[in-house]
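Please treat every number below as a calculation from the coordinates, not as lab data. All of these numbers come straight from a predicted model, not from anything done at the bench. Cβ: placed from backbone, ideal geometry, glycine included. Neighbour counts: every protein chain shown.
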Amino acid sequence: MIEKKLEELFDYQRFERNGKFGKLDQLIRETENRYAGELSDDELGMVNAAGETGSYMDPVEGTFPENIPVDRFAGGLDRIRSKVFGSDIGEITGDFVGNFSENNNAE
Amino acid sequence: MITDTQKETIFLEYYNKVCGYIYSKVSSPQDAEDIAGDVFLKVFKKIDSFDDSKSSLSTWIFTITRNTLTDWFRTHRTFAEIPESQDDGYSVDDAVCSAETLESFTNALEKLEKRERDIIILRFYSGKTLKETAETMDISYAYAKVLQNKAFEKMKEVLAD
């Protein structure tokens, strides 16, 4: 069924979006920016008075933002890495954080 | 047997993708981190049984991510709160969820007229009904349906079974 296939493709895109499929992400953002309007009540619930969200989610589209602050993301990486590999974090984290913004900004 | 260095490489390579996907579905950063951690624990538990002749590593990890998220929703949310996209019985179709298909899909989407592309994205990425999409685009329901069918026709090569 075409509808199901489209949903699967877009769902998979949410997983691959930070990779080499920047073009698809760009097309999606163009469309959503074209019709960006007022936030619904549900979306407003995720935004505080300063316009900041309490999560990593974009308040309008509910997706992982591209320009997430590196220091917030790095904290998550360390915690997840600690859970997966134990307390021996090592030196790689710093290199990865340093490369993160470059990779995330690349198309 | 996979080495710790190889595990580290996989973790760093897929961390962005796993977290990005989970964060798009779950509003709490703490929950998202817990789920992401569970995903990688499962990945490394099963990695020795991964068969690259059946699917790519990316699709395999996506499957684990999706299923872990579904299990989490089942445990932590009432049935009414579970997103439609995380329903039971979902199995990732390797033919659909591949880099090649995604690239073909992107090319096909790009070739659509702007409004046809908008319909597809608003309907199947943003999750709007056809009625909601028509209202968003300020067009009639009937015209939205026409645009959708035109888009389907143009994309049928990519979307065909």
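Sum up the charges of everything whose Cβ sits under 15 Å from the Cβ of B:ILE139, counting Lys and Arg as +1 and Asp and Glu as -1, but leave B:ILE139 out. Charge balance near B:ILE139 sits at +3.
Normalising by residue count, the range B:34-80 has a Cα convex hull of 76 Å³ per residue. Once the Cα-Cα distance is subtracted from the 0.36 nm per residue extended length, the B:HIS76 to B:SER140 segment shows a gain of 19.1 nm. Helices in chain B, meaning DSSP H runs of at least 4 residues, each add -39500 (n - 2.57). Divided by all residues, the mean residue ellipticity at 222 nm is -21500 deg cm²/dmol. In this structure, B:LYS156 and B:ALA99 have a Cβ-Cβ separation that, at R0 = 30 Å, corresponds to a calculated FRET efficiency of about 0.90.
By how many degrees, 0 to 90 and rounded to 10, does the Cα axis of helix B:4-23 deviate from the longest principal axis of chain B? Rounded to the nearest ten degrees, it is 30.
With a threshold of 30 Å on the Cα-Cα distance, the over-threshold entries among B:LYS25/B:LYS45; B:LYS17/B:LYS114; B:LYS46/B:LYS154; B:LYS42/B:LYS156; A:LYS4/B:LYS7; A:LYS4/A:LYS83 are B:LYS46/B:LYS154; B:LYS42/B:LYS156; A:LYS4/B:LYS7; A:LYS4/A:LYS83.
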